[in-house]
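**Student:** I am attaching a structure below and will ask some questions about it afterwards.
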Amino acid sequence: MRKTTSKTWALAAGATGIAMIAAACGAGTDDDGAAGTGGDKITLTVATFNEFGYEELFEEYMDLNPNVVVEHKKAATSNEARDNLNTRLAAGSGLSDIEGIEVDWLPELMQYPDKFVDLTDPEVDGRWLGWKTEAATTEDGTLIGYGTDVGPEAVCYRADLFAAAGLPTDRAEVAELLEGDWDRYFEVGQQFTAASDSAWFDSAGATYQGMINQVENAYEKDDGTVIGIDNPTVKRLYEDVLTASVDDDLSAHLAQWSDDWFGAFQDGSFATMLCPGWMLGIIEGNAAGVTGWDIADVFPGGGGNWGGSYLTVPTQSEYPEEAKELAKWLTAPEQQIKAFKAKGTFPSQVEALASDDLLSTTNEFFNGAETGRILANRAAAVTASPFKGPNYFAIHLTVSDALTRVDVDGTDDAASSWQKALDAYATLGLS
């Protein structure tokens, strides 16, 4: 499936926030790292974002452990969660006992392993895909996060909009229709928009994300040497996606995670979107009452992985051992399959991936699609694993902001916005 080389990505890093984290002192626990709780009840807070699929699992854990109350703090977006994490790490207090982190921010946090409890444990050896564990393990063997999900990507689509535009609707036929590279995906989009008032996809930024995640060294070399954005690969993808989005008008011109984007799931603004497993719950939650969504076992260019998360235990926790036990339980194969069934978060656990319980999972909202088998196929199709070092987040933001100016805001054309991206990159002082 994937290479075992540790390669992850990130969205947008504030240098000031990271500097503050480096300077901050982590809140301590007792010398032995455990809180003496006796038979008293304790409250463990768990901070997540988007949809982890944990709501019913928290109830189950409390039933199994009557002395534990689990309090869930759920951020609306990954960026909101990251901002909160960085702020409270810098302050040295205020973090939850368990903090969910996205693979995008992981390279930043790996620079500060002393802010997190070491989660190494013989009981979990070999639980996860090798590359998933390796990405969260420091050179000296400290494990700062237990893997939750990975993000193998398929294409989600509105079968009703396809039918109205004269395109096939059966998911096997849609997979055959879209088989090929990004040019093929955009070509079919032109066929669709010629016969429909809806856009082909939601946003240039989201589409670029799928494209750049297939590039092994987009912004940095494997040794961390910065390549930057002024290179032929990044520039070509930037131009290609804006040509499709703006010149060919295939985009709904929505900023992903904006209120308008969430609302668009109710009005048929777009017909397709790139769809990692964790996106299934987001679509279903925001498209409540809408019929027609389906998922095809295909992805432009072959395969891609977008996202995936971890559970960490900050050293600020008053109950680090109890928090570790909860994180261990939540990331066990049995629980991750339940989370997948609830919200589509595709497991990263070796045992879960081979489970008939996973592979036979269907999703009624997506027209009864065999989502377990489809996403397992999509995971097997991933051949490139992009390197994402501590600078990836900040570098990537310069490009994503440039795309937004053109596709969503309409304040710039592709050329002027690219120059602004180059200027923004220069201010990072990485070259």
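The values are calculated or read from the model by the stated rules, or taken from the named source; none is laboratory data. These numbers come from a predicted model, not from an experiment. FYI the Cβ positions are ideal-geometry reconstructions off the backbone, even for glycines, and counts take in every protein chain you see. Protein only, heavy atoms only, side chains kept; ligands, DNA and RNA dropped before computing areas. Shrake-Rupley method; radii C 1.70, N 1.55, O 1.52, S 1.80 Å.
**Student:** Which one is modelled with the lowest pLDDT among residues in segment 278-297 that are among the β-branched types (Val, Ile, Thr) and in contact with a Gly (Cβ under 9 Å, 6 or more places away or on another chain)?
**Tutor:** Among those that are among the β-branched types (Val, Ile, Thr) and in contact with a Gly (Cβ under 9 Å, 6 or more places away or on another chain), it is 282.
**Student:** Moving to a separate point now. Sort out which residues of segment 311-336 are assigned to a helix (DSSP H, G or I) and open to solvent by 10 Å² or more (accessible area, probe 1.4 Å), and write them in order of number.
**Tutor:** Within segment 311-336, 321, 322, 324, 325, 328, 329, 333, 334, 335 meet the criteria.
**Student:** Would you mention how many residues in segment 200-225 are in a strand (DSSP E or B) and among the acidic types (Asp, Glu)?
**Tutor:** Selection size over segment 200-225: 1.
**Student:** How many residues are in a loop (DSSP other than H, G, I, E, B), open to solvent by 60 Å² or more (accessible area, probe 1.4 Å) and either touching a Leu at 6+ places or on another chain (Cβ under 7 Å) or farther than 15 Å from residue 380 by Cβ (or both) if we restrict to segment 338-361?
**Tutor:** Looking only at that region, the number is 1.
**Student:** Go through segment 254-277 residue by residue and tally those that are closer than 15 Å to residue 205 by Cα and open to solvent by 60 Å² or more (accessible area, probe 1.4 Å).
**Tutor:** The qualifying residues number 2.
**Student:** Under 9 Å by Cβ, and 6 or more places apart or on different chains, what pairs join a residue from segment 273-294 that is in a loop (DSSP other than H, G, I, E, B) with one that is open to solvent by 10 Å² or more (accessible area, probe 1.4 Å) and of a type in the set (Val, Ile, Thr)?
**Tutor:** Correct list of pairs: 292/169.
**Student:** Right, next: When you scan segment 218-238, do you find a residue that is touching a Gly at 6+ places or on another chain (Cβ under 9 Å), within 20 Å of residue 175 (Cβ to Cβ) and small (Gly, Ala, Ser), even just one?
**Tutor:** no
**Student:** Based on this model, can you work out whether residue 187 counts as at pLDDT 95 or above and among the acidic types (Asp, Glu)?
**Tutor:** yes
**Student:** Then there's this: With 75, 90 as the choices, which residue is hydrophobic (A, V, I, L, M, F, W, C), within 18 Å of the chain's Cα centre (by Cα) and open to solvent by less than 60 Å² (accessible area, probe 1.4 Å)?
**Tutor:** Answer to the check: 75.
Here's the yes/no breakdown for (1) among the hydrophobic types (A, V, I, L, M, F, W, C); (2) farther than 18 Å from residue 119 by Cβ; (3) at pLDDT below 85; (4) in contact with a Leu (Cβ under 6 Å, 6 or more places away or on another chain):
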residue	(1), (2), (3), (4)
5	no, yes, yes, no
26	no, no, yes, no
31	no, yes, yes, no
47	yes, no, no, no
89	yes, no, no, no
98	yes, no, no, yes
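**Student:** So which residues in segment 382-428 are part of a loop (DSSP other than H, G, I, E, B) and either crowded, with 23+ Cβ neighbours inside 10 Å or modelled with pLDDT under 95 (or both), if there are any at all?
**Tutor:** Those that are part of a loop (DSSP other than H, G, I, E, B) and either crowded, with 23+ Cβ neighbours inside 10 Å or modelled with pLDDT under 95 (or both): 382, 383, 384, 385, 386, 387, 388, 389, 390, 391.
**Student:** Quick check on this structure: which one of 308, 281 is surrounded by 24 or more Cβ atoms within 10 Å (Cβ to Cβ) and within 30 Å of residue 135 (Cα to Cα)?
**Tutor:** Within the list 308, 281, the selection yields 308.
**Student:** Something else about it: Is there any pair linking a residue in segment 95-124 that is buried (at least 24 other Cβ atoms within 10 Å of the Cβ) to one that is of a type in the set (Lys, Arg) and outside any strand (DSSP E or B), with Cβ under 6 Å and at least six apart or on different chains, and which?
**Tutor:** Listed pairs, sorted by first residue: 95/88; 105/82; 107/388.
**Student:** Going through segment 105-128 one residue at a time, which ones are among the hydrophobic types (A, V, I, L, M, F, W, C) and touching a Lys or Arg at 6+ places or on another chain (Cβ under 7 Å)?
**Tutor:** 105, 117, 119, 124
**Student:** Can you name every residue in segment 225-238 that is surrounded by 14 or more Cβ atoms within 10 Å (Cβ to Cβ) and touching a residue at least 24 places away in the same chain (Cβ under 8 Å)?
**Tutor:** Across segment 225-238, the qualifying residues are 226, 228, 229, 234, 235, 237, 238.
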